[in-house]
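Have a look at the structure below before the remarks.
We did not get these values from a lab; they are worked out from the coordinates using the rules stated. Being a predicted model, the structure only gives us computed values, none of them experimental. Cβ: placed from backbone, ideal geometry, glycine included. Neighbour counts: every protein chain shown.
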Amino acid sequence: MEQAHDHSSLTPAEAEAAGIEHEHPGWSVYWRVAVILTLITIAEVWVYYIPAFVASRAFLPTLLSLSAVKFAIVVLFYMHLRYDHKLFRTLFTGPLIVATCTLFALMFLFGHIRLGHGA
Amino acid sequence: MSATVSHHYSSTGLENRKIAIWAFIGSECMLFVSLISTYLIYKGRSRVGPYPHTPWTDPSTGHVYKAILNIPVTSASTFILLMSSLAMVLALAAVENKGKPQRNLGERILGNSKLWLAMTALLGIGFLGFQAYEFTSFVNEGLTIKTNLFGSTFFTLTGFHGAHVTAGVIWILSMLAIDFKRGLGPSDALNVDIMALYWHFVDVIWVAIFTLVYLIR
């Protein structure tokens, strides 16, 4: 059922209850996010060029963690998921979780991930 | 935003088109994860080179192929795409705040939606330029989509992403044309927001591709 609404007179609490998004952050937040994303990217590329670190066990978890942080920052702040209605979060995280589980299942099935101490 | 704007809201109280774009983004996540999965599954299983991170000598000719990935170039294109996301949020903010008083030069620059939309499109085109350069150099160095499993999965994954960036650039240029023709204002904020969500999604997918394909050996 589609309806046309005028939300101009709603209080913040009423807007929240109606599922209307909060005010988006401004320039001060956006440029800080851009700086953080740039610094993380520099860190990722920097560790790529350290042979001792690449050979260590910390390399893969470090890169995956940095990438996950970048991913989350863009989604939360630039895509405004931090400020939006929970239905939007569900619509995004639901398929993302299913897809990620499928990825790990396929990696396991094709022998890229091994459990326990098998050969 | 306090302007009175009529949109089509569903029984949830949420705008239909915004629900649709999030559902679309969710489905796109599954598409890209399937492509990334295929790349990862076949990683390291190519019988012949060139390889992404290590050199390879062709036994029949003795020709030595260097590691094919060019991390500095891809790092630059990644930075460009991240900055395009910054330009896009500023474009959205400018459209949302159109009509509000601009007291100084800084506020006039931040409030110029045409500037930020054009900047986003230019950065997107810059990213595509880097990708065209990368694809061309790979082909010149002997890696095509038919060469080996790495080539097949790499070109499919990054090609799909490039196609999405191209669609995004066309969308942004269309919105820029509308802005020049009649001006974008708060009543257009939802349309720009939907476009921005798509653009940021293309950005986050590249965040994952950059790490999983280019940096992890």
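From the square roots a ≥ b ≥ c of the eigenvalues of the alpha-carbon gyration tensor of segment A:33-119, which class results: rounded (a/c under 1.5), prolate (a/b over b/c), or oblate? Oblate, since a/c reaches 1.5 and b/c is not below a/b. The A:VAL69 and A:SER28 beta-carbon pair, evaluated with R₀ = 22 Å, returns a calculated FRET efficiency of approximately 0.60. Other protein chain C-beta atoms within 10 Å of residue C-beta, averaged over A:102-114: 3.
A simple rule links phi to the HN-Hα coupling: the Karplus curve 6.51 cos²θ - 1.76 cosθ + 1.60 with θ = phi - 60°, which for segment B:135-146 gives 4, 5, 5, 5, 5, 5, 8, x, 10, 10, 5, 9 Hz, with x for Gly and Pro. Summing charges over all other residues whose Cβ lies under 15 Å from the Cβ of B:ALA208, with Lys and Arg as +1 and Asp and Glu as -1, gives -1. Amide H to amide H, with H built 1.01 Å from N, B:TYR65 comes under 5 Å of B:TRP56, B:THR57, B:ASP58, counting only residues 5 or more places away or on other chains.
Pairs from the list A:LYS86/B:LYS114; A:LYS70/B:LYS146; B:LYS18/B:LYS146; B:LYS18/B:LYS43; A:LYS70/B:LYS43; A:LYS70/B:LYS18 with a Cα-Cα gap above 30 Å: A:LYS86/B:LYS114; A:LYS70/B:LYS146; B:LYS18/B:LYS146; B:LYS18/B:LYS43.
When chain B is treated as a Gaussian network with alpha carbon springs shorter than 10 Å, the biggest mean-square fluctuation among B:PHE138, B:PHE201, B:PHE180 belongs to B:PHE180.
The magnitude of the dipole of the protein assembly as shown, with charges of +1 and -1 set on the Cβ of Lys/Arg and Asp/Glu and taken from the Cα centre, is near 820 debye. For segment B:101-110, the Karplus equation 6.51 cos²θ - 1.76 cosθ + 1.60, evaluated at θ = phi - 60°, returns couplings of x, 10, 8, 9, 4, x, 5, 5, 5, 5 Hz by residue, with Gly and Pro reported as x. Counting every alpha-carbon pair across chain B, the share separated by more than 24 Å comes to 51%. The order of the peptides B:18-29, A:55-66 by mean Cβ neighbours within 10 Å, most packed first, is B:18-29, A:55-66. Using a simple spin-label model with pseudo-atoms 7 Å out from Cα toward Cβ, B:THR166 and B:LEU31 lie 1.4 nm apart. Taking the longest Cα principal axis of chain B as reference, the axis of helix B:16-42 is set at about 10 degrees.
Over the C-alpha trace of segment B:93-217, radius of gyration and Dmax come out as 18.2, 59 angstrom. Once you order the gyration tensor axes a ≥ b ≥ c over the Cα atoms, which shape class does segment B:1-129 get: rounded for a/c under 1.5, otherwise prolate or oblate by comparing a/b with b/c? Because a/c hits 1.5 or more and a/b fails to exceed b/c, segment B:1-129 counts as oblate. All Cα-Cα separations within the protein assembly as shown were binned at 10 Å from zero, giving a P(r) of 5, 23, 31, 22, 12, 5, 1, 0, each value a whole percent of the pairs.
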